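Here's the structure, in structure tokens; my notes come after.
The values are calculated or read from the model by the stated rules, or taken from the named source; none is laboratory data. Keep in mind that this is a model prediction, so the values were computed, not measured. Cβ placement follows ideal geometry from the backbone for every residue including glycine, while neighbour counts extend to all protein chains displayed. Protein only, heavy atoms only, side chains kept; ligands, DNA and RNA dropped before computing areas. Shrake-Rupley method; radii C 1.70, N 1.55, O 1.52, S 1.80 Å.
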Amino acid sequence: MKGIYTILLLVVSNIFMTLAWYGHLRLQGIKGFERLPLMIVILMSWGMAFFEYCAQVPANRIGFIGNGGPFSLIQLKVIQEVVSLTIFTTIASLLFGNINLGWNHLAAFVCLVLAVYFVFLK
């Protein structure tokens, strides 16, 4: 169960991370938002990033083999990267709608899945 909890927390973490990092780009189209000072936008992103950390840190603690979890540090990182790219692609497609995924993007996804496979080889 620790592995499942870890992955679910990584998904939640990456939703907040993606919104914090890229959501403000979508909000620029809202009247008045484009006039906000950069420092206010940064503080808003930090506010969202707080919730990212509230999920990321427990995910790593629960999942880390040194704390009784199933994953090594490297495995945690590779899993996080795959989750991050998957969440980013989903949210970017929903928020921006003009994301054109080509063969090279599919090839990159396949390489990431292969990275997960290789990092779990004994």
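Restricting to region 71-122, count the residues that are under 21 Å from Ala20 (Cα atoms), part of a helix (DSSP H, G or I), small (Gly, Ala, Ser) and without any contact (Cβ under 8 Å) to a residue 12 or more places away in the chain. Looking only at that region, the number is 1.
Only one of Met39, Met17, Met48 is surrounded by 15 or more Cβ atoms within 10 Å (Cβ to Cβ) and free of Cβ contacts under 8 Å to residues at least 40 places away in the same chain; which? Every option except Met48 fails the conditions. Among residues of region 51-84 being over 13 Å from Val119 (Cβ atoms), touching a helix residue (DSSP H, G or I) at 6+ places or on another chain (Cβ under 6 Å) and of a type in the set (A, V, I, L, M, F, W, C), the one that is most open to solvent (accessible area, probe 1.4 Å) is Phe51. Only a single item in (1) touching a residue at least 12 places away in the same chain (Cβ under 8 Å); (2) of a type in the set (D, E, K, R); (3) part of a loop (DSSP other than H, G, I, E, B) is not met by Lys31, and it is number (1). For region 78-94, the criterion of being more than 22 Å from Lys2 (Cα to Cα), over 14 Å from the mean Cα position of the chain (by Cα) and not polar (S, T, N, Q) is met by at least one residue.
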